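Peer 1: Sharing a structure here in structure tokens format.
Computed from the coordinates by the stated procedures, all read-outs in this text should not be read as laboratory data. Note that this is a predicted model, so its numbers are computed, not measured. Here the Cβ positions follow ideal geometry from the backbone for every residue, glycine too, while neighbour counts run over all protein chains shown.
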Amino acid sequence: MIELKKVVKSFGGLTVLKGVDLTVSEKEVVVLIGASGSGKSTLLRCINFLEILDQGEVQINGEQINPAKTDLNKIREEVGMVFQHFNLFPHNTVLENIIEAPVYVKKMKSDEAKEYANILLEKVGLRDKADNYPDSLSGGQKQRVAIARALAMEPKIMLFDEPTSALDPELVGEVLQVMKQLANDGMTMVVVTHEMGFAREVADRVAFMHDGQILEQEHPKNFFDNPQNDRTKQFLSRIL
Amino acid sequence: MLEIFQSNYNALFEALLITIKVTISSLLLGSIIGLVFAFFSISHIKLLNYIAQGYLILVRGTPMIVQICILYFGISSIVTLPQFWAGVIALAVHNGAYISEIFRGSIQSIDKGQMEAARSLGMNYKLALRRIILPQAFKRAIPALGNQFILLLKESALVAYIGMTDLWGATMSIAGSNFRPLETYIVTGLFYLVLVGLFTFIFSKLEKRYDPEKSVKRSIKNSKGITVER
């Protein structure tokens, strides 16, 4: 479903991704872990072209994407993203946040969009918050709205960029719960996170990034219980 | 003072009307100019950035009164502009520069994550700007805009120097004929004071209205029907 080949990305003189290969199959949940600055987020942002890679290839649904020629907006419609800082639209209510893209990008009828938005809100447990403004929600609620907003475009792939890192500890669980449910429903997901419990429980594969490269990727059981690479061992010993 | 007010009642109110007309016309035109040049300065096209910079340097670098005189007396050797339009255009072009900076600042002050979230949902740049960035930027621009509009209102007195009988133009001729400049000027000052007060009031209302946190009632009202333009 997603295939990255030899992806290279630099910012100024700093090379953040040094030839990364990653394949994600349909309905697979891949968790990216690694120290900050290792390139996890950048890799994620290359998948929906919020960052344009310098070299290498990105294939989504078997289609090779050339950022200069392909309509990236069409790609982004199929690849939802959830951000660390939620990035909800503060001037819109929760419901308006969710129907914005379906109505203006997909040209869905507003009634239809609202109906679907309410189903999604039900799914993330926030049906009663439809008419609130984001400012009145807790961090965990905001992130669940953000997930619903991304799902409203009916994406085939969901990217999560440290979705729980900005949350108070007691609010992390509710967001992970929604993500877990999404994974169980068969969504293809790439998740950057520091939540090792989530990785162990939900991921089909855990990939460890260090210094712009993926050093090791394994089923979580093998990954956590029997890491091969020294860097991985070091990293795991520090966080577990 | 009351006597001056009474004996010049008609002249002063006619002049007040002209001041209001000039102010509102140049306020609208200036806002459009300001918005256009704000887009120029945030554009990815270098040429447009340069045009915006050139405009700012020229307009901010020369006094308003010089600009009005160039437009009315100077250009009249080529084409004759009616007084009203010379005044309005000069005020609009002059204030447009400051308004464009207000808009640019407020657009750039919106968190980058807003644009990223909009793009990640498949919205193109223009749509994201129009639906997500600008509504937030406008709200943030309101206090500074209010300030600029008050400045514009007071600067409109300069149109008296191209012969218009706005508040200040009328005042000068009244003071010239009754030989009581001090009292006449004070009466006129009060007129401006009331006008500015009115402006300030309107803007503080606007500010409150566009602040979702302060208007919980509005959010309840919205639940009944969100108007969606296509």
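Peer 1: In whole Å, largest first, what are the principal axis extents of the Cα atoms in the protein assembly as shown?
Peer 2: 100, 47, 42
Peer 1: Can I ask one more? Going highest first, how would you order B:54-65, B:149-160 by mean Cβ packing within 10 Å?
Peer 2: Numbers: B:54-65: 13.4, B:149-160: 21.2.
Put in order of decreasing packing, that is B:149-160, B:54-65.
Peer 1: Using the membrane-span-like helix rule (whole DSSP H runs, Cα extent along the own axis of at least 15 Å, mean Kyte-Doolittle hydropathy at least 1.0), which helices of chain B qualify? Show your work: numbers first, answer last.
Peer 2: Numbers: long enough: B:9-42 (48 Å, 1.79); B:46-61 (22 Å, 0.71); B:83-108 (37 Å, 0.63); B:134-155 (29 Å, 0.41); B:167-178 (16 Å, 0.52); B:181-209 (42 Å, 0.98).
Helices meeting the span and hydropathy rule in chain B are B:9-42.
Peer 1: Continuing with the same structure: Quick one: of A:LYS74/A:LYS114; B:LYS154/B:LYS208; A:LYS109/B:LYS46; A:LYS6/A:LYS106, which pairs are farther than 27 Å apart, Cα to Cα? Please list the in-between numbers first.
Peer 2: Details: A:LYS74/A:LYS114 22 Å; B:LYS154/B:LYS208 25 Å; A:LYS109/B:LYS46 39 Å; A:LYS6/A:LYS106 33 Å.
Cα-Cα > 27 Å for A:LYS109/B:LYS46; A:LYS6/A:LYS106; rest within.
Peer 1: Shielding of A:81-89 by partners, i.e. mean partner chain Cβ atoms within 10 Å per residue? Mind showing how you got there, number by number?
Peer 2: Numbers: counts 5, 2, 4, 1, 4, 2, 10, 3, 8.
Other-chain Cβ atoms within 10 Å of each residue's Cβ, averaged: 4.
Peer 1: If you take the alpha carbon radius of gyration of the stretch A:117-240 and divide it by 2.2 N^0.38 Å, what ratio comes out, to two decimals? Walk me through the intermediate numbers first.
Peer 2: Details: Rg = 16.1 Å, N = 124, 2.2 N^0.38 = 13.7 Å.
Dividing the Cα Rg of the stretch A:117-240 by 2.2 N^0.38 Å gives 1.17.
Peer 1: Rounded to the nearest 5, what % of DSSP beta bridges with both residues in the stretch A:151-232 are antiparallel?
Peer 2: Working: 5 of 10 bridges.
Bridges in the stretch A:151-232 are about 50 percent antiparallel.
Peer 1: Output the antiparallel fraction of DSSP beta bridges having both residues in chain A, as a percent to the nearest 5. It would help to have the intermediate numbers written out before the result.
Peer 2: Values: 20 of 37 bridges.
Once the DSSP bridges in chain A are tallied, antiparallel ones form about 55 percent.
Peer 1: Once every Cα of chain B carries one equal point scatterer and solvent is ignored, give the base-10 log of I(q)/I(0) from the Debye formula at q = 0.08, 0.09 Å⁻¹, two decimals.
Peer 2: Listed by q, the Debye log ratios stand at -0.40, -0.50.
Peer 1: If you don't mind, another one. Report, by chain and number, residues whose modeled amide H sits under 5 Å from the one on A:ILE214, excluding near sequence neighbours (fewer than 5 apart, same chain).
Peer 2: Distant-sequence amide H within range of A:ILE214: A:ASP21.
Peer 1: Pull up the DSSP beta bridges for the protein assembly as shown and report the antiparallel fraction as a percent, rounded to 5. Walk me through the intermediate numbers first.
Peer 2: On the way: 20 of 37 bridges.
Once the DSSP bridges in the protein assembly as shown are tallied, antiparallel ones form about 55 percent.
Peer 1: Please report Rg over Rh for the stretch B:30-72, where both radii come from the alpha carbon positions and Rh follows the Kirkwood definition.
Peer 2: Rounded to two decimals, Rg/Rh equals 1.06.
Peer 1: Could I ask something else about it? With each label point set 7 Å from Cα along the Cα-Cβ vector, what nm distance links B:TYR9 and B:LEU193?
Peer 2: Placing both labels 7 Å along Cα→Cβ, they lie 2.2 nm apart.
Peer 1: Still on this model: Which of B:GLY163, B:GLY146, B:GLY30 ends up with the largest GNM mean-square fluctuation for chain B, with Cα atoms connected below 10 Å?
Peer 2: Fluctuation is largest for B:GLY163.
Peer 1: What's the average, rounded to a whole number, of partner chain beta-carbon atoms within 10 Å of each residue's beta-carbon in A:155-161?
Peer 2: Per residue, the number of nearby Cβ atoms from other chains is 1 on average.
Peer 1: Moving on to the next point. Using only DSSP helix segments of four residues or longer, with each worth -39500 (n - 2.57), what per-residue ellipticity at 222 nm results for the protein assembly as shown after dividing by its residue count and rounding to 500?
Peer 2: Details: 20 runs with 263 residues, N = 470.
That calculation yields -18000 deg cm²/dmol at 222 nm.
Peer 1: Percent relative contact order of chain A, based on C-alpha pairs within less than 8 angstrom and at least six residues apart? If you can, show how the numbers build up before the last one.
Peer 2: On the way: 433 pairs, mean separation 66.3, N = 240.
Relative contact order for chain A comes out at 28 percent.
Peer 1: What three numbers, in Å, describe the spread of the alpha carbons of the stretch A:24-123 along their principal axes, ordered from the longest?
Peer 2: 43, 33, 28
Peer 1: Give me the extension gain from B:LEU47 to B:LYS112: residue separation times 0.36 nm, minus the current Cα-Cα distance, reported in nm with one decimal. If you can, show how the numbers build up before the last one.
Peer 2: Values: separation 65, 0.36 × 65 = 23.40 nm, distance 2.39 nm.
Contour length minus Cα-Cα distance gives 21.0 nm.
Peer 1: Once Rh for the stretch B:132-181 is found with the Kirkwood sum over Cα pairs, what is the Stokes-Einstein diffusion coefficient at 4 °C and 1.567 mPa s, in µm²/s?
Peer 2: Details: Rh = 13.2 Å.
The Stokes-Einstein estimate is 98 µm²/s.
Peer 1: I'd like the distance separating the alpha-carbon centroids of the stretch A:114-151 and the stretch B:90-148, in whole Å.
Peer 2: With the stretch A:114-151 and the stretch B:90-148 each reduced to a Cα centre, they are spaced 26 Å.
Peer 1: Can you tell me the relative contact order of the stretch B:2-127? Whole percent, Cα pairs under 8 Å, sequence separation 6 or more. Don't jump to the answer; show the numbers that get you there.
Peer 2: Numbers: 92 pairs, mean separation 44.1, N = 126.
Across the stretch B:2-127, relative contact order equals 35 percent.
Peer 1: If one takes the longest principal axis of the Cα atoms in chain A, at what angle in degrees, from 0 to 90 and to the nearest 10, does the Cα axis of helix A:169-184 lie?
Peer 2: That helix lies at roughly 90 degrees to the long axis.
Peer 1: When the Kirkwood radius is taken over all Cα pairs of chain A, what Stokes-Einstein diffusion coefficient follows at 37 °C and 0.692 mPa s, in µm²/s? Intermediate values should be presented prior to the final figure.
Peer 2: Details: Rh = 18.4 Å.
Taking Rh from Cα pairs, D becomes 178 µm²/s.
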